[in-house]
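The values are calculated or read from the model by the stated rules, or taken from the named source; none is laboratory data. This is a predicted model, so every value here is computed, not measured. Every residue, glycine among them, receives a Cβ derived from its backbone with ideal geometry; neighbour counts consider all protein chains shown. Only protein heavy atoms, including side chains, enter the accessible area calculation; ligands, DNA and RNA are left aside. Shrake-Rupley method; radii C 1.70, N 1.55, O 1.52, S 1.80 Å.
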Amino acid sequence: MSIVATYLSWALLVLGGLLCISGSVGLLRFPDFYTRMHAASVTDTLATGMILVGLMLQAPTWIVLAKLIMILVFVLLTGPTAGHALAKAALHSGLKPLLPGKSGVLEADNKSSGGI
Amino acid sequence: MFTAVTIAVLVAMALALFRAYAGPTLYDRILAVNVFGTKTVLLIAIVGFLMGRPEFLDIAMVYALMNFITVIGILHFFEYSAPGKSANSETVKDQ
Amino acid sequence: MEFLGLFNYWVVIVLMMIGFYIVICSNNLIKKLIGLTIFQTSVFIMYISMGKITGGTAPVLADGITLYSNPLTHVLILTAIVVGIATTALGLAIVVRIHEGYGTVEEDEIHARDKQA
Amino acid sequence: MESFVHVVILSMLVTTAIAIVRVKDLFAVTMLAGIYGLLSASFFVLMDAHDVAFTEAAVGAGISTLLILTTLSMTGRFEKASVKPQTDYRPVLALVLVTVTGALLIYGTQDMPGFGTADAPAQTHVVPRYLNDSATEIGIPNVVASILASYRGYDTFGEVVVIFTAGIGVLAMIMSKASSTPVVQTSLMSDHVVLRIVSKMLIPLIMMFALYVQFHGEYGPGGGFQAGVIFASAFILYAMLFGLTEARKVVNNTVVQLLSALGVLLYASVGVVAMINGGSFLDYDFLSADPVAGQMLGILLVELGVGITVASVMIIIFFTFTARSQKAGEPD
């Protein structure tokens, strides 16, 4: 049991770490706000969950476990909510996503303003 | 192994920091701060294990909480004020 | 830990000077206040660095631990942080009043307005 | 490994500070200042200062960012990048001054004891006594709490009074007079249904967490200062989502102002009761027949007083700022 838990924990931690980095590279490299948001918020939630579960498997006492669960619940509730609110606010304020234009090149759609 | 994860989180923090600096839009910066906050939560949790006293996880909790409240606060104050509206408008406001 | 030596204190001084620079050089009162916060935080970092003992742990007594970091600096800085936010709030309140009175928070414009009067 | 993390975080702090100097958009400056707060709090965790990290996370990254944002929403977002040739010498002069001062200070650090040394002067005078005797004298494991509330209780009393005074100062500066006429709320965040529902779920959790921090402060990181800020942040969240008028219905202005004074009063009366019982001001040994029980009781009450004052002053400050910004938004 404990061996399995340890290996599972390491696997989750490493995967979580990789997701962290990939999400942040996405945050840095993607062309516009919405794609960056996609990269960041999806990986953020998953990576946080994985790392926290990985830590839970190594928790020495039950109180540490309980606190980790609390943090996980909290992050799972707030992370996507904040992301949703942010995307909605951006859309309402008139920030246009980049879409493939006629030439196939990404461009901001400025003609159809509002009414989305 | 905690070391590897710590480094990963630190790299992610550095990248988010750059995004917060570079912008370009207001929302990119908010997003970057949000990501940065989540990474800080993770860093605190992992460092607790790394240093061998993981019972102080309350702090990570506060980070998560404050992160959320900050994002709400930013949206509250800036969502419905057009981004360019207040640019230098105070200089013309005169009696 | 040897190579760290005085690194912390150098960082503290660099941060302090950056804050100082913002306070002197920035024309905007809000940015000046942020500069003041940076300065303040650098002092916090200095105190906390002085309190750290290599190999020590947090000063919450537990069985089997003998070496603790310095709790006194923690106490001093803890209260300083809360007092810091209180003073920042007061400063911001003054900025709000200045903005209402002068219509600007830029220092040179305020001086120009004062000269006119 | 720890020292590696520590160096990286310090470098990021410096980078952030430099970025703050370079960015002209005050909104971005505020965001970076929030990151700066988060980073310094992480640094405090590495330095074993969990109580300090707690406070810095709640205050530096949370409340202060919110206050600056409120002010920005009143005064405008951009720092004016005006060309003023006659004062162009200022940055250069400032840079020279700052460099010289910094160089002198760095020269001064040569005499500082090395980082982490256990025999540095800061470590050898009064601290060993606190660490060795507080377990028997006070009887609580968190030495920070016992120094804060008991050994240096007088000092902390002063800090609480300062916070109370700052609350009064903010009220005196920018309290809106005609608050009896209800401001027509331009339904600030009523579109955000998801946000509202999730926050409604979270607010009780936040308050419970604040109470935990308040009463667990003797055994782990936490205490009145941190709990007060967290408790206030629950109300601040509510006010942001449902509008100030609604929030004022929950926490009445007069009640909060009374509470902020009540906290200070509670703190002071604990001291006075100790005096009546024959001790000196804030000497909790005299609160009960058993000195250790007296210390426990004293610390509990004092931390409660601190928590009440800090929470209500934070609420007062935030509500006053928001009321002012809504008033400024009105066409008058």
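Quick notes on this one:
- Yes/no for C:A86 being assigned to a helix (DSSP H, G or I), small (G, A, S), at pLDDT below 90 and more than 30 Å from D:G217 (Cβ to Cβ): no
- Qualifying residue in region D:204-219 (condition: in a loop (DSSP other than H, G, I, E, B) and crowded, with 20+ Cβ neighbours inside 10 Å): yes
- Condition check for D:S190: more than 10 Å from every other protein chain (Cβ to nearest Cβ), modelled with pLDDT under 90 and over 18 Å from the mean Cα position of the chain (by Cα): yes
- Test: D:F115 is touching a residue at least 40 places away in the same chain (Cβ under 8 Å) and surrounded by 14 or more Cβ atoms within 10 Å (Cβ to Cβ): no
- Scanning region C:22-43 for residues that are within 7 Å of chain D (Cβ to nearest Cβ) and either under 23 Å from D:V52 (Cα atoms) or at pLDDT 90 or above (or both) yields C:I34, C:T37, C:I38, C:T41.
- Among (1) within 17 Å of D:L148 (Cβ to Cβ); (2) open to solvent by less than 50 Å² (accessible area, probe 1.4 Å); (3) in a helix (DSSP H, G or I), the one test that D:S325 misses: (1)
- Within the set D:T156, D:T101, D:T109, the sole residue that is open to solvent by less than 70 Å² (accessible area, probe 1.4 Å), at the interface with chain C (Cβ under 7 Å from one of its Cβ atoms), farther than 30 Å from D:G217 by Cβ and at pLDDT 85 or above turns out to be D:T101.
- Number of positions in region D:111-146 that are in a helix (DSSP H, G or I) and more than 16 Å from C:Y47 (Cα to Cα): 13
- Residue count, region C:72-81 (criterion: open to solvent by less than 10 Å² (accessible area, probe 1.4 Å) and not hydroxyl-bearing (S, T, Y)): 5
- Residue selected from region A:36-57 under the condition over 12 Å from the mean Cα position of the chain (by Cα) and assigned to a helix (DSSP H, G or I), by the criterion surrounded by the fewest Cβ atoms within 10 Å (Cβ to Cβ): A:V53
- Scanning region C:44-61 for residues that are of a type in the set (G, A, S) and either closer than 25 Å to D:I18 by Cα or at the interface with chain D (Cβ under 7 Å from one of its Cβ atoms) (or both) yields C:S49, C:G51, C:G56, C:A58.
- Residue within region C:82-100 that is within 11 Å of the chain's Cα centre (by Cα), open to solvent by 40 Å² or more (accessible area, probe 1.4 Å), of a type outside the set (S, T, Y) and closer than 26 Å to D:L38 by Cβ present: no
- Among the residues of region B:1-34, those identified as within 9 Å of the chain's Cα centre (by Cα), at the interface with chain A (Cβ under 9 Å from one of its Cβ atoms) and under 15 Å from D:T16 (Cβ atoms) are B:A16, B:A32.
- Where A:P31 falls short, out of the listed (1) in a helix (DSSP H, G or I); (2) open to solvent by 50 Å² or more (accessible area, probe 1.4 Å): (1)
- Scanning region D:94-109 turns up no residue that is on the phi > 0 side of the Ramachandran plot and free of Cβ contacts under 8 Å to residues at least 40 places away in the same chain.
- Flag for B:F56 being part of a loop (DSSP other than H, G, I, E, B) and crowded, with 24+ Cβ neighbours inside 10 Å: yes
- Residues located in region C:76-111, provided they are in contact with a Lys or Arg (Cβ under 6 Å, 6 or more places away or on another chain) and either more than 7 Å from every other protein chain (Cβ to nearest Cβ) or over 23 Å from C:I38 (Cβ atoms) (or both): C:Y102, C:G103
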